[in-house]
Amino acid sequence: MSRDKGIITLRIAGLSEGVHEYAFSCRAADFKNPELGDPCFCNDIHVSAVASKTESEITVDIETGTVVDLSCDICLEPLEKELSGSYRIFFVFGGSDAGEEDENYRILDRNASEIDLTEDVRETLLLSKPIKTVCTGNPQCAVYHEDENGTDEKPKESMSRWRESLEQLKNKYH
């Protein structure tokens with residue numbers, strides 16, 4: 001049974017003890033995953049991995065970064081947002097049960113030649129995507145940012161009819 005080679009793999013065969021830095025660049029389409037098939041992931045994805053090897057384990061710190069194209073959930077204004085995420089994984093050599101219940105600890109065969117981080121990078125990217133996206137520079141969305149800015153006072157003569165209606169609804173339910 002052949003297995004596809006991972007996109008983000010660290011070669012550990014013959015790796016000496018110490019700190020080793022790796023840098024990768026890929027596209028969301030490389031992952032062949034529908035969750036990353038979202039059109040917002042259209043730019044390059046930069047991944048840096050720092051592997052720290054000791055006699056008994058390898059600790060890998062993953063950092064991801066990309067720029068995504070989103071739209072404001074309120075006014076649908078297109079936005080460009082920089083996403084970054086980080087994740088730490090411990091690969092323990094041998095059959096130790098040290099971190100069996102913790103998903104950040106994984107058992108690694110001493111004869112393993114590489115570590116596949118593709119799935120971990122994919123999850124880190126998906127977790128860095130915001131649940132809600134709101135623009136801050138658009139005056140059309142300013143009505144929703146009034147409480148955040150502490151400027152609830154607006155000149156009454158500059159309010160349009162829909163703003164007045166919105167204010168009445170806001171006052172009714174608060």
(request) Take the stretch 1-46 and flag every residue that is surrounded by 13 or more Cβ atoms within 10 Å (Cβ to Cβ) and of a type in the set (Gly, Ala, Ser). (result) GLY6, ALA28
(message) Just checking: which of the strands (runs of 3 or more DSSP E) contained wholly in the stretch 1-85 hold 3 or more residues that are closer than 20 Å to LEU127 by Cα and among the small types (Gly, Ala, Ser)?
(response) none
(request) Answer with yes or no whether SER84 is modelled with pLDDT of 85 or more, surrounded by fewer than 16 Cβ atoms within 10 Å (Cβ to Cβ) and within 30 Å of PHE41 (Cα to Cα). (result) yes
(message) Please go through (1) surrounded by fewer than 16 Cβ atoms within 10 Å (Cβ to Cβ); (2) modelled with pLDDT under 85 for THR133 and return the number of the only condition it doesn't satisfy.
(response) (1)
(request) From (1) in contact with an Asp or Glu (Cβ under 9 Å, 6 or more places away or on another chain); (2) surrounded by 14 or more Cβ atoms within 10 Å (Cβ to Cβ); (3) within 23 Å of GLY14 (Cβ to Cβ), pick out the condition that doesn't hold for GLU55. (result) (2)
(request) Confirm whether ILE115 is modelled with pLDDT of 85 or more, more than 21 Å from VAL47 (Cα to Cα) and β-branched (Val, Ile, Thr). (result) no
(request) Would you check which residues across the stretch 90-108 are among the polar types (S, T, N, Q) and modelled with pLDDT of 80 or more and list them? (result) ASN104
(request) Being surrounded by fewer than 14 Cβ atoms within 10 Å (Cβ to Cβ) and modelled with pLDDT of 60 or more is the filter here, so list the residues in the stretch 136-157 that pass it. (result) THR136, GLY137, PRO139, GLN140
(message) Within the stretch 46-67, does at least one residue satisfy the condition of being more than 28 Å from TYR105 (Cα to Cα) and within 14 Å of the chain's Cα centre (by Cα)?
(response) yes
(request) Please identify the pairs in which a residue from the stretch 101-130 that is in the same structural domain as ALA29 (by TED's automatic domain parsing) and among the aromatic types (Phe, Trp, Tyr) has its Cβ atom under 6 Å from the Cβ atom of a residue that is in a loop (DSSP other than H, G, I, E, B) and surrounded by 13 or more Cβ atoms within 10 Å (Cβ to Cβ), counting only partners at least 6 apart or on another chain. (result) TYR105/GLY99
(message) I need a count of the residues in the stretch 39-86 that are farther than 30 Å from GLU17 by Cβ and of a type outside the set (A, V, I, L, M).
(response) 17
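The values are calculated or read from the model by the stated rules, or taken from the named source; none is laboratory data. This structure is a prediction, so every number in the text was calculated from the model and none was measured. Don't worry about glycine lacking a Cβ; one is built from the backbone with ideal geometry, like all the others, and counts go over all protein chains shown.
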